Every structure is written in structure tokens, then in C-alpha cells.
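Student: Attaching a single structure in C-alpha cells format; questions to follow.
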Amino acid sequence: MSDQTIPCIELNGKPIPFQAGESIMQAATQAGVYIPHLCHHPDVSPHGSCRVCIVKVNGRVKASCITPAEEGAVVESECDEIRQLRKRLIQMLFVEGNHFCPSCEMSGQCQLQALAYDLNMLDTHFDHFYPNRAIDCTHPDIILDRDRCINCDLCVRASAQIDNKQALSLGGRGQQTHLQANCESGLLKDSGIESQDKAMHICPVGALLPKNNHYPQITGERIYDKAPISEVGNVRPENHQGDQTKGPIS
Amino acid sequence: MEKVNKRQINWIDKNNKMTQIPTLLCMTSPSVPYEIGLTEKHLNELEADHFNGQLNRKDLLQFLIAIQQRFGWICKDAIAWCSHRISQLETGISEQEIRGIIDFYSFLEKEACPPLHLHLSTNVTDYMLGQQDHQAYFETLAKEYPKRFRVTNTSCTGLCDQGPAALLNGLPIPALNNSIREAIRKLVEEQPAKIDVAATFPTPQDNIQLKDQLLNRQLQSGNAIKRVMTNPAEGFLGELNAARLRGRGGAGFPTGFKWQTCADADASQKVVVCNADEGEPGTFKDRVLLHSHIQQVIEGMTIAARTVGASLGFIYLRFEYQYLLPMLTAAIEERVTQNLLGDAILGEEDFNFHLHIHLGAGAYICGEESALLESLEGKRGIPRIRPPFPAQAGYLGYPTIVNNVETFCCVAEVALTGGANFASRQCEGSTGTKIHSISGDCERPGIYELPFDTTVEDILKLVGAKNTQAVQVGGPSGKLLFPELFHEPVNFSHVSSGGSFMVFDESRDLFNVVKNFTDFFHHESCGFCTPCRVGCGVLSETLDKFAKHHASDDDIQHLREMMELMDVASHCGLGQTAAHPVRFLLEGKPDFFKNKETTDSVVKIDIHEETSAARELHLANAGESHE
Ligand SMILES: Cc1cc2nc3c(=O)[nH]c(=O)nc-3n(C[C@H](O)[C@H](O)[C@H](O)COP(=O)(O)O)c2cc1C
Ligand code: SF4
Ligand code: SF4
Ligand code: FES
């Protein structure tokens, strides 16, 4: 049983130690357990918006990335009920935007797509919204394709907390919520964002993309070609190096 | 100012010219000659008059509202000016971020707007009183005079007992009828520089039908505070707990517990906020309390300040209620001169309380207490992650208590007559009385203060409701009740309510009622979390299918799944309750959905209509590439 001094939660039947102030997500990651997530990244503050990280805590549904771990809490992250709810959330993210996976450069490296596979999502279930969203190609090195943006705010936080730039933010309300560049023109080229910024590489989908270096990972070498996200979910796709010799050279 | 001038700002840019809207006489704004463009001078004056000569990040929303109210919209140059003024301080903000804030709030406009703008209320009670007819009339008028007049819609304006209601440049016009329509047409045609709204249009009425302790109370300013001051500050927590007071804003949270948390917090500053956002459709009792019982409200807030050790306070007043601003400001100023607000209140050292009024700008979510705090800080109203709770870390990180208007009136009552006395009027643990806003199909809509043992049936008798099919208690986020449950009392243990009570008789199609509520949530979702942002859209679109008789059993299944998901997975109360209207009707009277399913095995679609969006897009794109 758990040590006197180290508090533990029970995650999927196994004890997991945590330190005071840690979230369930942090404790799980420390212990090498993957809880599916999209708006969470260990290097920036939590957000709690995508809700893909829902788990059952003592029988109640909670977002694990913003729920503090508490001694003795019984947490389930992979029960049927949670997986079904999670699948619906992923489907909702698909119908809300315009995701055309076959032509997307991030196919095979995209966490949204990988979760859809992992949850055995065979269709999008709900009627598509087909929103009309603007694409921003003004930057010499970066493309923002809002059709694929899931409003997860990761790039916003990375820009503020890691790059110290505050180049991006979310604006608007409701279904009109959109990612925007913080500058007078509202265009990426004037925002100060650069291709080596963390904000550029943290996107869990294919909304923020580098220009001039297309399809760098060849099919078969992409992170989720090698293993399903349930096995490599805690490896950040941006750190994944496939066999570069097999990819097209930019 | 030098820094601002470094960048070229074209004030009299033709496309960007802002026109002074007619001065509305019951507002506090100074009159500026009609038809002049907004200039830098106006902004400097506004800043000097209301913001101590330096616009801060946290004042941004209030500043934008001031521009909106004086000039009818917020032009590009004004946005640039705000960005440059604020960026002189350490926390800068770009023009685009300001546009993102403007887009969050329904009453702020960043595109040119005609000088007269009418917002027609879209609550279901407005439609029940014939809103559609007025909508059609004003849309025709707007087509006739597109440069002078615009009509759009807005969520419930808090005038459900005197609808159909509208706002003219932000000021309320209740009980629309033909002569009011003609009066508005005359204004559009004649374009006067000044409009005396109070003389031209009817003003909102209190319409109090039944009074009890809170509404009967005539408070002599300072009396409740003086009673409290005979004991040390913490002493009042005991009274509150003895009163077993629970919040009147909807959630029924124990007030004593919230205050205790804040009082226990160790901080250099603490804050007391009165939640006067009253956004729940069908609720209008806070408007009446602010109008006719403001002394009790402020006294309750001042007692709160002393009890938890706060010296800063805000009334967060919804945009729709800004017509009360002059009166509320006067009440605060009078109390300052009486030493009932300000420093060393009534001579007690360290008893300081400075009270300000902040306006909302059209966002139901800003009634949620943590979103309200974001809005007070001048940001988009996105609910915060909890913990920490506002009572631990709220406005600018200071421990903050947020309470409803009516809750503060109850606090004053507890202070005057004692906690035990307050608790002596109770039913199953709900103590005191509750003020209800009653509207819909009944003879005597209005304000009723009732004890907690009053049943739904009792209320229906009181208000003269006949052939009642259903009642929506607690607003769209509350419950839809059918006759089987009319014997239940409206209290915290049975049918809990923040004060909205809408009656529907046998003639109403409850599907339309539920669709109205669902569309309301869709319009008001803040967009932060997936279940609510997308879920509200799925619900609305699915109900559209039923309305067109295009739906099937699958769609019922979708509704059920969405109800379940939004309930458990949403970030805040809005998303958690947004599917409740659908749930109550689907569980109570499924026939309202069943009889709208398609009867054909082949769904007939109008191919022209279904492809119209694609055609428009194609045309728009073609237009763009030719430019
Ligand atoms: C979407 C949403 C809207 C709300 N709107 C209001 C409101 O307009 N007025 C209000 O007093 N409380 C509102 N609340 C409840 C507040 O969050 C908070 O519980 C209340 O102001 C606390 O005051 P009380 O304890 O005195 O009731 C709302 C809650 C939610 C989730
Ligand atoms: S661009 Fe990517 S990282 Fe940024 S909000 Fe959109 S999905 Fe998230
Ligand atoms: S539930 Fe709705 S209103 Fe609340 S945070 Fe989520 S999107 Fe915003
Ligand atoms: S990862 Fe927890 S809500 Fe997005």
C-alpha cells in the first residue's frame, strides 16, 4: 500500500503517487500513464477547454488536467463510459471545423486524428457545420489554417509563457471563437511569431504549419504510424524524429 | 500623449468616420454637437473625466462601452488609440486583441452603425406578446432608411412582464405598440439631435404585485450597518449562519460559508461584488430591487465589506439596465456624503468601502461569477478554472465575494432583525422569502415576494393563470414543470429557482419554447469548452431539423447523447444546463418531438436551398479574386 509520507491516487486500479498541488494529469504523466488530451502540454499552464482528458473521479466526471489529485481518489480514465464520451468529443471537434485528413500534412502526426483511431471512430456521427474560416498565409515561414484549429489555446500559451511574445490570442465568442494574431493588422506576418518559436510546434493538429518544408515525415515514419497514441501519447509529436533519410528533403 | 502621436492616426478618414449619436436625455453623457466625427480630443476628455487621465488594461471594457454609447460604434482609430494608451503601461494590448474583445460582447460594434439602433428582445415571452409583428415593421423601416436606422435582436431584456420589449441605443422601451412604432419612425425621419427618451416612450415599471419582508422594508440609510457595528466584524458571520441564508442568484450556495472563506483568506485587499447581470431569461426582480430598494442592496454590500475586510466594491450592472446608472450613481454619492461609504465609515477606523459601478456589454455568461470577474478586469468573459474559488482569489487575484442583488437585500434584513428571526420563516431548510419574476400566460404578471412553502399551484392561482400546460421555473437553465408536479413547493429542496417563472397555457407549442431556450444558449455560449461550444450548435441545428420536419429517430438519439455529454463534461453551469430544456420536454412530452419527425421514408430536400450557402461562397470567392 501507499507509503505514509507519499500520498497516492488510484488510477485504473493502480496506486499513483503525487505531490501536493499536482493535477491528476500531472501525476499520471509522471507515472508514465497516458490520459488522452489535446489542450494540455506539460510545458505550459493548464487550460481545461477541450475536455478530452475527462476521467471519472470517485464516480464523477472531471477534466483531469485541471482537477487536483487528492489522497485516495479513485480515478478511471479508460472505462467504457469515458471512452464513449471522449469519442463523441472528438467527433464534435471534427464536425466543428473542416478537417480533410487525406490532404493534411499533419496526418499521422496529429493528436486529434490519432485519438479518433484509438477510440475506433468510424464516422463523425453529427452533421458537419462546414464553417467559413479565414486562412492566413501572410507570414513568409508560417501558415495558419483555421479550418483545422480546435481553439485549444496551446499556441497562445506557448507564445506567452515560453517564447515571451504574446503573439497570439483567442478572440470572439461561442462558435465564432477564433485564433488571432496580436497586432494591428491581425495578420500573422505582423505578429512577431517566428518559425523556431515553441508556439509554432505545439499545435496538436495541423492548424499552424511551417511553409517551405512540406510533408517532412514520409508515410510509415510518422509518429502514429509506429504506434497508436495510447502507447506514445506522452511523447510530444513535435519531438518525434522519424527516419529523415526517407523523407523528402526540403 | 506624445507616444500616441508617433503613429499616424487619420481621424477624419472617410470610411471610418464616427457620427455622434443623438444624446439620450436620461443618460449621463455630456452632449456633443450632432454629426461631428470622433476625434482624439473626445477620447482624451473621456479618459480624463472617467479614468483619471490614464486608461488601464482593466478599464478597457468600460472605456469601449463609453465610446459605444456616445458614438454608436467603435471605429478603427478609437481601437488604435486604446491600444496605444494602454501599451504605454507595462501590459500592452494589440488592436486585434481589442477587436477580439469587442466581438465577445453583443452590444459592442466595430463596424459603422447608423445613429439609431434598436435591439428587439427575443425571449419567448416577447414572442408570446407579438414580437414578430414589430420585428417585421422595423425591418421594413430599416430597409427604408439604412443609413439612419438599424434593427437587430438581443436576448431577454428583463422586461418580460411588460413586453414585447426593445432597447433604443441601449435604453429600454417596454410594451411596444403601434404608437411607439410611429414615434420611432418619426425619430428616424426627423433625426433630432436630442431625444428625451423618458418623455417619448413609456418607462419600465416596477409592477410589484405582492410584498413581504424585503419589499415592505423602508430602510433608513445606515440603520442596518449601525446594528452590525455594535459587534466585532466577524460577529456577523454567526448571524448569517443562524439565518441559514442561501444565495438568491440561482445556485443557492450558503452565503455564510462563502463569506467565511473570504474572511479567512490572508490578503492585502479584498473585494465585494454585487452580481446585477440578471441574464437568466424571465428574471427581472433584480431590476426592481435596484430601482426601488437600492439602499438595502448597498447596505448589504457594505456589511459584507466590513465582515470579510474588503475595502473595494463593484456593482456589475448588465448593459440593458444602464438606464438606472444616474440613479445608482446618485445613491452612491449621497452615501459618501453621509459617511456610509468611503473611508472610516461612521467613524470606525479601518472600515473603508469604495463602491463603483461597472457595466456589462451583452453576455449572459458574465453572470457566472468567475466570468464576471474576468469581465470586471476588462477581458472576454470566460469562466475561470476552479480552484481557486473567487472567495480565495478573485478580482485581480484578491479574495472576492460575489453575491446576487437579492442576497444583499437579505443580508440587510438579517442585520436589522437578526439571524434567528430570519430563519424562523422557513420551509424544509429554505429560510426567509423569495422574490419571483412572473411572466407569460397569466392575468397578473409582475413581481411577487413569497414564502418558501408556496407551491407552483399556489403561484398559478395568485397570478391568475388558466389552462396552464407547463411552467418554466428558474429560467431556461431551470426546470420545465408539467401539472403532475404543480403541487411541489418552490424552494431549495424541491423546485429551486433564481426567480424566473414563465407560464405557458394549452395554446402554446412547447417545442417552440424549448427551441427558443436552446437558441438562447447557443447564442450565449462563451465558446471556451468543446462540449458547450459545439454541443449548443448541434442541439440548435438538430431542433431546426425537427422544425422543418426533416428529423428522424436518429436525431432523438443525438439529442439524448448530447444532453448526457454536456451535463457531465462542460466547464461551467451554462453548458451543464444548456440541454435541460430539451431534456425536460423529451422526458415529459416526447410527442412534441415525435410529431415533428419526418413521415416519409425518403427525406425530401430542397436542393436549391441546401446548396445556397455553397453558391454564396462561390460568388464571394469569385468576387474576391477579381478585385
Ligand atoms: C451561466 C450562468 C449565468 C449566471 N447568471 C447569474 C446572474 O445573472 N445573476 C446572478 O446573481 N447569478 C448568476 N449566476 C450565478 C453566479 O455564478 C453566482 O453563483 C451567484 O452570483 C452567486 O450569488 P448568490 O450566492 O448570492 O446567489 C449565473 C451562473 C451561471 C453558470
Ligand atoms: S492553432 Fe493549433 S495550437 Fe493554436 S489554438 Fe489552434 S489548434 Fe490549438
Ligand atoms: S460551458 Fe459553455 S459557457 Fe461555460 S465555459 Fe464551456 S463554452 Fe463557456
Ligand atoms: S486536456 Fe484537459 S481539458 Fe483539454
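Student: Are any residues in the stretch B:493-521 over 23 Å from B:ASP591 (Cβ atoms) and either in a loop (DSSP other than H, G, I, E, B) or within 16 Å of ligand 4 (Cβ to nearest atom) (or both), and if so, which ones?
Tutor: Those that are over 23 Å from B:ASP591 (Cβ atoms) and either in a loop (DSSP other than H, G, I, E, B) or within 16 Å of ligand 4 (Cβ to nearest atom) (or both): B:SER493, B:HIS494, B:VAL495, B:SER496, B:SER497, B:GLY498, B:GLY499.
Student: In the stretch B:527-582, which residues are small (Gly, Ala, Ser), within 16 Å of ligand 4 (Cβ to nearest atom) and either in the same structural domain as B:ALA251 (by TED's automatic domain parsing) or at negative phi (or both)?
Tutor: Correct list: B:GLY535, B:ALA569, B:SER570, B:GLY575.
Student: Restricting the search to the stretch B:584-622, which residues are modelled with pLDDT under 80 and more than 14 Å from every other protein chain (Cβ to nearest Cβ)?
Tutor: Listed by number, the residues that qualify are B:THR598, B:THR599, B:ASP600, B:SER601, B:VAL602, B:LYS604, B:ASP606, B:ALA622.
Student: Let me ask something else. Please specify each residue of the stretch B:570-583 satisfying the condition of being within 14 Å of another protein chain (Cβ to nearest Cβ) and crowded, with 24+ Cβ neighbours inside 10 Å.
Tutor: Correct list: B:SER570, B:HIS571, B:LEU574, B:GLY575, B:ALA578, B:ALA579.
Student: Let me ask something else about it. Return the residue satisfying two criteria in turn: it lies in the stretch A:86-106 and is touching a Phe, Trp or Tyr at 6+ places or on another chain (Cβ under 8 Å) and either surrounded by fewer than 16 Cβ atoms within 10 Å (Cβ to Cβ) or in a helix (DSSP H, G or I) (or both), and of such residues it is farthest from the other protein chains (Cβ to nearest Cβ).
Tutor: A:GLN91
Student: Run A:PRO42 past the list (1) within 14 Å of another protein chain (Cβ to nearest Cβ); (2) under 14 Å from the mean Cα position of the chain (by Cα) and report the number of the one that doesn't hold.
Tutor: Just one mismatch for A:PRO42, condition (1).
Student: Would you be able to say whether some residue in the stretch A:10-24 is more than 13 Å from every other protein chain (Cβ to nearest Cβ), assigned to a helix (DSSP H, G or I) and either buried (at least 21 other Cβ atoms within 10 Å of the Cβ) or among the basic types (Lys, Arg) (or both)?
Tutor: yes
Student: Could you tell me which numbered condition A:THR5 fails, if it satisfies all but one of (1) away from ligand 4 (no atom under 16 Å from the Cβ); (2) among the β-branched types (Val, Ile, Thr); (3) within 11 Å of another protein chain (Cβ to nearest Cβ)?
Tutor: (3)
Student: Looking only at the stretch B:522-554, count every residue that is of a type outside the set (Ser, Thr, Tyr), outside any loop (DSSP other than H, G, I, E, B), surrounded by 21 or more Cβ atoms within 10 Å (Cβ to Cβ) and without any contact (Cβ under 8 Å) to a residue 60 or more places away in the chain and tell me the total.
Tutor: Total satisfying the criteria: 13.
Student: So in the stretch B:86-107, with the set limited to residues that are outside any helix (DSSP H, G or I) and surrounded by 22 or more Cβ atoms within 10 Å (Cβ to Cβ), which one is farthest from the other protein chains (Cβ to nearest Cβ)?
Tutor: That would be B:PHE107.
Per-residue answers, yes or no, for (1) more than 14 Å from ligand 4 (Cβ to nearest atom); (2) away from every other protein chain (no Cβ under 12 Å); (3) without any contact (Cβ under 8 Å) to a residue 40 or more places away in the chain; (4) not in a loop (DSSP other than H, G, I, E, B):
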{"position": "A:CYS50", "(1), (2), (3), (4)": "no, no, no, no"}
{"position": "A:VAL75", "(1), (2), (3), (4)": "no, yes, no, yes"}
{"position": "A:GLU81", "(1), (2), (3), (4)": "yes, no, yes, yes"}
{"position": "A:GLN84", "(1), (2), (3), (4)": "yes, no, yes, yes"}
{"position": "A:GLY108", "(1), (2), (3), (4)": "yes, yes, no, no"}
{"position": "A:TYR130", "(1), (2), (3), (4)": "yes, no, yes, no"}
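Student: Given B:LEU565, B:LEU574, B:LEU617, which one is more than 22 Å from B:PHE504 (Cβ to Cβ) and in contact with a Cys (Cβ under 7 Å, 6 or more places away or on another chain)?
Tutor: Going through B:LEU565, B:LEU574, B:LEU617 in turn, the sole match is B:LEU574.
Student: Just give me the residues in the stretch A:133-191 being in a strand (DSSP E or B), in contact (Cβ under 8 Å) with a residue 40 or more places away in the chain and either within 10 Å of chain B (Cβ to nearest Cβ) or within 16 Å of ligand 3 (Cβ to nearest atom) (or both), in sequence order.
Tutor: Of everything in the stretch A:133-191, those that are in a strand (DSSP E or B), in contact (Cβ under 8 Å) with a residue 40 or more places away in the chain and either within 10 Å of chain B (Cβ to nearest Cβ) or within 16 Å of ligand 3 (Cβ to nearest atom) (or both) turn out to be A:HIS178, A:ALA181.
Student: To continue, here is another question. Is there a residue being surrounded by fewer than 23 Cβ atoms within 10 Å (Cβ to Cβ), in a loop (DSSP other than H, G, I, E, B) and aromatic (Phe, Trp, Tyr) anywhere in the stretch B:143-154?
Tutor: Yes.
Student: So which residues in the stretch B:512-525 are among the hydrophobic types (A, V, I, L, M, F, W, C) and in contact with a Leu (Cβ under 7 Å, 6 or more places away or on another chain), if there are any at all?
Tutor: Hits for the stretch B:512-525 are B:VAL514, B:PHE521.
Student: On the given criteria, is B:SER439 more than 14 Å from chain A (Cβ to nearest Cβ), surrounded by 21 or more Cβ atoms within 10 Å (Cβ to Cβ) and not in a loop (DSSP other than H, G, I, E, B)?
Tutor: The answer is yes for B:SER439.
Student: Looking at the structure I just gave you, is A:ILE223 in contact with a His (Cβ under 8 Å, 6 or more places away or on another chain), closer than 25 Å to A:MET121 by Cβ and crowded, with 22+ Cβ neighbours inside 10 Å?
Tutor: Judged against the criteria, A:ILE223 is a match.
Student: Is it fair to say B:LEU176 is at pLDDT 95 or above and in a helix (DSSP H, G or I)?
Tutor: For B:LEU176, the condition - at pLDDT 95 or above and in a helix (DSSP H, G or I) - is not met.
Student: Output the qualifying pairs, or none if there are none: Cβ atoms under 7 angstrom, residues six or more apart or on different chains, first residue in the stretch B:488-513 and free of Cβ contacts under 8 Å to residues at least 40 places away in the same chain, second residue among the β-branched types (Val, Ile, Thr) and surrounded by 19 or more Cβ atoms within 10 Å (Cβ to Cβ).
Tutor: B:GLU488/B:VAL456; B:GLU488/B:VAL495; B:VAL495/B:VAL456; B:VAL495/B:VAL473
Student: Pull up the stretch A:192-204, narrow it to residues that are out of contact with any Lys or Arg (no Cβ under 9 Å at 6 or more places or on another chain) and under 17 Å from A:PRO46 (Cβ atoms), then point me to the one that is nearest to the other protein chains (Cβ to nearest Cβ).
Tutor: Looking at the filtered set, the residue picked out is A:PRO204.
Student: Looking only at residues in the stretch A:174-196 that are more than 12 Å from ligand 2 (Cβ to nearest atom) and closer than 17 Å to A:CYS152 by Cβ, which one is surrounded by the most Cβ atoms within 10 Å (Cβ to Cβ)?
Tutor: A:GLY174
Student: If you take the residues in the stretch B:369-399 that are in contact with a Gly (Cβ under 6 Å, 6 or more places away or on another chain) and within 14 Å of another protein chain (Cβ to nearest Cβ), which one is surrounded by the most Cβ atoms within 10 Å (Cβ to Cβ)?
Tutor: Of everything passing the filter in the stretch B:369-399, B:SER375 is surrounded by the most Cβ atoms within 10 Å (Cβ to Cβ).
Student: Give just the number: which of (1) in contact with a Lys or Arg (Cβ under 7 Å, 6 or more places away or on another chain); (2) not in a helix (DSSP H, G or I) does B:LYS379 not satisfy?
Tutor: Single failed check for B:LYS379: (1).
Student: Return the residues of the stretch B:234-270 that are more than 29 Å from B:PHE521 (Cβ to Cβ), in contact (Cβ under 8 Å) with a residue 24 or more places away in the chain and not in a loop (DSSP other than H, G, I, E, B); say none if nothing qualifies.
Tutor: B:PHE236, B:LEU237, B:GLY238, B:GLU239, B:LEU240, B:ASN241, B:ALA242, B:ALA243, B:TRP259, B:THR261, B:CYS262, B:ALA263
Student: Would you pick out the residues in the stretch B:343-357 that are surrounded by fewer than 21 Cβ atoms within 10 Å (Cβ to Cβ), touching a Gly at 6+ places or on another chain (Cβ under 9 Å) and not in a loop (DSSP other than H, G, I, E, B)?
Tutor: B:LEU346, B:HIS354, B:HIS356
The values are calculated or read from the model by the stated rules, or taken from the named source; none is laboratory data. Not measured: the values here are computed from a predicted model. All Cβ positions, even for glycine, are placed from backbone atoms using ideal geometry, and neighbour counts span all protein chains on display.
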